[in-house]
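So the structure is just underneath, and the comments pick up after that.
All of the numbers you see were taken from the coordinates with simple rules; none came from a lab. All values reported here derive from a predicted model rather than from experimental measurement. Ideal geometry is used to build each Cβ from the backbone, glycine not excepted, and the neighbour counts take in all protein chains shown.
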Amino acid sequence: MFPSESYGHDNLNNKPSTKVFPAPKDMIKDVKTGADLTSVPLQQLEQGKHTFVLCLDPEDSDASLKALDYTRNRLAVEGDVVVITSVLPLLSDTAPNPYAYGIYSGLIPQEFFDQERVHKHNEYMRKRSLHHLETFAKDFKEGVTLRLHLAFGDPVPKLVEVADHHNADVLVVGRRKLGRFKRFFSAGGISSCLLTNTERSVLVIR
């Protein structure tokens with residue numbers, strides 16, 4: 001939902017802003033120290049025996065929670081690095097794409113597509129989602145290094161990019177159950193697309 005402080009209806013009659021704002025950038029954070037690792041080269045970071053990139057759905061689907069549980073309790077052990085990542089859609093200044101439509105649960109009025117409003121919304125979602133990711137970085141085994149990587153864009157290519165950035169040994173992703181109708185018309189979910197779009201190992205949790 002839109003933050004009321006930035007998107008109040010008392011401002012709907014304002015003319016759209018023509019100022020150009022940069023798209024929100026990825027953010028990487030060390031869970032233990034709270035350090036911002038976004039600009040730190042991989043070579044300077046502590047390396048683990050194995051690096052797992054755990055891909056979580058922004059909507060906290062059952063499939064994502066199963067992937068989290070499997071990684072936390074059965075996969076990652078002392079000396080490993082777990083990068084918990086989520087990819088948010090960019091709210092553009094044009095009509096919302098289907099992925100954004102699913103996330104924000106409704107058709108967004110055209111008056112919200114003002115560059116300044118879009119920028120404020122993306123920044124709000126960036127901070128909110130990073131905080132949300134932090135709630136999942138708990139109850140891992142002792143000695144597991146935890147990092148957060150919040151990204152924006154198209155989920156599949158962005159997850160591949162995240163995995164490459166961290167030189168991941170394995171991507172861990174949950175798989176949603178689709179009914180016959182959805183399976184027939186679907187071109188494949190994120191888990192299926194990852195299997196065909198990266199040369200890295202992908203562990204799909206059902």
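Details
- Of 49/127; 49/141; 120/141, pairs whose Cα-Cα distance is over 26 Å: 49/127; 120/141
- Estimated FRET transfer efficiency when R0 is 22 angstrom, pair residue 36-residue 69 (beta carbons, to 0.05): 0.20
- In nm, spacing of pseudo-spin labels at residue 59 and residue 199 (7 Å Cα→C-beta vector): 3.4
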